[in-house]
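Here's the structure, in structure tokens; my notes come after.
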Amino acid sequence: MFGLSDLVSLVISAFIIFPAVIFLRELGYMIFGLLFGAKNSRITLGSGPRIFKFGKLDVRKYYHLYSWFSYDELKVKSKFAYVILYASPIMVNVIVGLVINALIANGYITMYATFWDRFVFYAFFYVLFDAIPMKTVHGKPNNGMIIYQMIRYGKRTDYNPEPFLPSTSEAEKAYQKEMEKIITDNKSAKK
């Protein structure tokens, strides 16, 4: 039966664990993006109005729903660099999931076992849906499909020569335009 403790666990999972796992995923992109010379890189957590921006981290109001890594240009433009870049979130979640799972299994993490069990679950949840090559709901390839096509055909995708990691400059322009529209609409509604 779903009780109050389950509701608390659900809230913690949705607003703390899931965003933390998503952040780790995006951090994988950031680490390898920096290694391959990503210019103007940024991690954006969430959507909607910006809560704060701190260095390369941009946190939005709905931080628990959506996130992405963006950059303007990659200095190293080899097939290897793109495969590693798209594999990086998978690798980070696998490594973190295995380490935490090993710490739990060997008795090093005993407090808040449910929290850490769920953390490992969500880490591998992302790995599963990121590693198995498939197209997403919007018809875009996931990281597994991008990696597969890069290795098999030598190109990022079979129908789009552009990278699927968005440009930070373009994303910022779109965000500013969206916020201006919201402000204008709010002013119009108050009159």
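The values are calculated or read from the model by the stated rules, or taken from the named source; none is laboratory data. What you see is a predicted model; the values in this text were computed from it and never measured. Don't worry about glycine lacking a Cβ; one is built from the backbone with ideal geometry, like all the others, and counts go over all protein chains shown. Please note that ligands, DNA and RNA were not included when accessible areas were found on the heavy atoms of the full protein model with its side chains. Shrake-Rupley method; radii C 1.70, N 1.55, O 1.52, S 1.80 Å.
Things to note:
- Residue that is surrounded by the fewest Cβ atoms within 10 Å (Cβ to Cβ) [pool: residues in the stretch 130-145 that are at pLDDT below 90 and not in a loop (DSSP other than H, G, I, E, B)]: Lys135
- Search result, residues across the stretch 8-35 that are over 13 Å from the mean Cα position of the chain (by Cα) and under 18 Å from Phe121 (Cα atoms): Val8, Ser9, Leu10, Val11, Ile12, Ser13, Ala14, Phe15, Ile16, Ile17
- The set of residues from the stretch 56-115 being under 18 Å from Asn142 (Cβ atoms), in contact (Cβ under 8 Å) with a residue 40 or more places away in the chain and not hydroxyl-bearing (Ser, Thr, Tyr) comprises Trp68, Phe69, Val83, Ile84, Leu85, Ala87, Pro89, Ile90, Met91, Val92, Asn93.
- Yes/no for Tyr126 being within 24 Å of Leu7 (Cα to Cα), touching a Phe, Trp or Tyr at 6+ places or on another chain (Cβ under 8 Å) and not hydrophobic (A, V, I, L, M, F, W, C): no
- Test: residue in the stretch 8-19 that is free of Cβ contacts under 8 Å to residues at least 12 places away in the same chain, open to solvent by 30 Å² or more (accessible area, probe 1.4 Å), out of contact with any strand residue (DSSP E or B) (no Cβ under 9 Å at 6 or more places or on another chain) and among the small types (Gly, Ala, Ser): no
- Failed item in (1) exposed (fewer than 15 other Cβ atoms within 10 Å of the Cβ); (2) not in a helix (DSSP H, G or I), with Arg152 passing the rest: (2)
- Residue satisfying all of: in the stretch 63-83; part of a helix (DSSP H, G or I) and hydrophobic (A, V, I, L, M, F, W, C); most open to solvent (accessible area, probe 1.4 Å) among these: Phe80
Residues checked against (1) assigned to a helix (DSSP H, G or I); (2) of a type in the set (D, E, K, R); (3) on the phi > 0 side of the Ramachandran plot:
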| site | (1), (2), (3) |
| --- | --- |
| Leu85 | yes, no, no |
| Ile95 | yes, no, no |
| Leu103 | yes, no, no |
| Gly107 | no, no, yes |
| Thr110 | no, no, no |
| Phe125 | yes, no, no |
